[in-house]
Amino acid sequence: MARNQIELNFPKTGLLIPIAIVLIFFIAKSTETIGPGEAGVLFERFGDGINTEKTYGEGFHIVAPWNKMIVQKVRQQSISDQMNVLSVNGLEVRVDGTVWFRPEYDKLGSLIKTKGENYISEILDPAINGAARSVVGRYTPEQLYSSKRDVIEQEILASAQETLKDQYIIVERVLVEDVQLPNTIRDAIERKLKQEQEALEYQFRIEKAEKEAERQRIEAKGKADANKILSASLTDKILQDKGIEATTKLSESPNSKVVIIGSGKSGMPIILGNQ
């Protein structure tokens, strides 16, 4: 009886194995985990393709096995590139730059549907290269090499943003890291900048010397004016009174001295002493 029971149960147990395999496969195909900084859009195989109405955020999601979840980064990203462009006078310049960007989260489905999963190479790279060539072509090598870099970055950014308007990509910043010119042009520019710096330094020294001379002239004039005022206020009578006052004070001093009355010029006393 026990043997017959085992034989009766064996086919049922053997049938469970393929059912379990199918179930595991179904579950594996029906789940999707979206990582940090990512988002997904659903490709509905038996529907209208990419669902542009919904963007799936981070975490675990259940998806019908006949559909596909397309996952893309939606956090800020960067790409770096080297571009050979022409300056305003036709000189070839190599520009090294980096661009920070991110796709629009709510429009990720529209971006993938219209531009594809490789939207960076399909649309972003050409837009940045075109903006860089357009902007750099308005400047001379000297301007590119020295003082115009911040302005160039802002102009490339504005041009790229205008090109990518309504394209579901947000360009946040452009950084021009290096501008490389031919060695002969670069050396000539550096010599010119050095000469300009030396000229500015020489002009500074001249202006400093002129200011010091003006200061001394004003100081001398002030002293001369003070002496004139003092001389005009000192009459012979005042000088005699001052001399008598000084003689009186000296005569009262405990130090030994000899006072000769009326022997000095203008009748002023002469004082002789050991101090």
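The values are calculated or read from the model by the stated rules, or taken from the named source; none is laboratory data. Given the structure is predicted, the values throughout are model-derived calculations rather than measurements. Positions of Cβ are generated from backbone atoms using ideal geometry, with glycine treated the same way; all protein chains shown enter the neighbour counts. The area values use the complete protein model at the heavy-atom level, side chains included, leaving out ligands, DNA and RNA. Shrake-Rupley method; radii C 1.70, N 1.55, O 1.52, S 1.80 Å.
Condition check for W66 on (1) open to solvent by 30 Å² or more (accessible area, probe 1.4 Å); (2) modelled with pLDDT under 90; (3) within 29 Å of K148 (Cα to Cα): one failure, at (3). In the set E38, E104, E92, E53, only one residue is at pLDDT 90 or above, open to solvent by 100 Å² or more (accessible area, probe 1.4 Å) and not polar (S, T, N, Q); that residue is E53. For E122, the criteria (1) surrounded by fewer than 18 Cβ atoms within 10 Å (Cβ to Cβ); (2) assigned to a helix (DSSP H, G or I); (3) charged (D, E, K, R); (4) under 21 Å from the mean Cα position of the chain (by Cα) hold in every case but one, which is (4).
Checking each residue in segment 191-221 for being at pLDDT below 80 and either among the charged types (D, E, K, R) or open to solvent by 100 Å² or more (accessible area, probe 1.4 Å) (or both) picks out R191, K192, K194, Q195, E196, Q197, E198, L200, E201, Y202, F204, R205. Note on segment 160-190: residues that are at pLDDT 70 or above and out of contact with any helix residue (DSSP H, G or I) (no Cβ under 7 Å at 6 or more places or on another chain) amount to 9.
Screening segment 68-113 for residues that are in contact (Cβ under 8 Å) with a residue 60 or more places away in the chain and of a type in the set (D, E) and picking the one that is farthest from N51 (Cα to Cα) gives E92. Selection within segment 87-119: residues that are under 28 Å from the mean Cα position of the chain (by Cα) and β-branched (V, I, T). The member of this set that is nearest to P36 (Cα to Cα) is V99. Every condition in (1) surrounded by fewer than 16 Cβ atoms within 10 Å (Cβ to Cβ); (2) in a strand (DSSP E or B); (3) modelled with pLDDT of 90 or more is met by G130 except one, and the failing one is (2).
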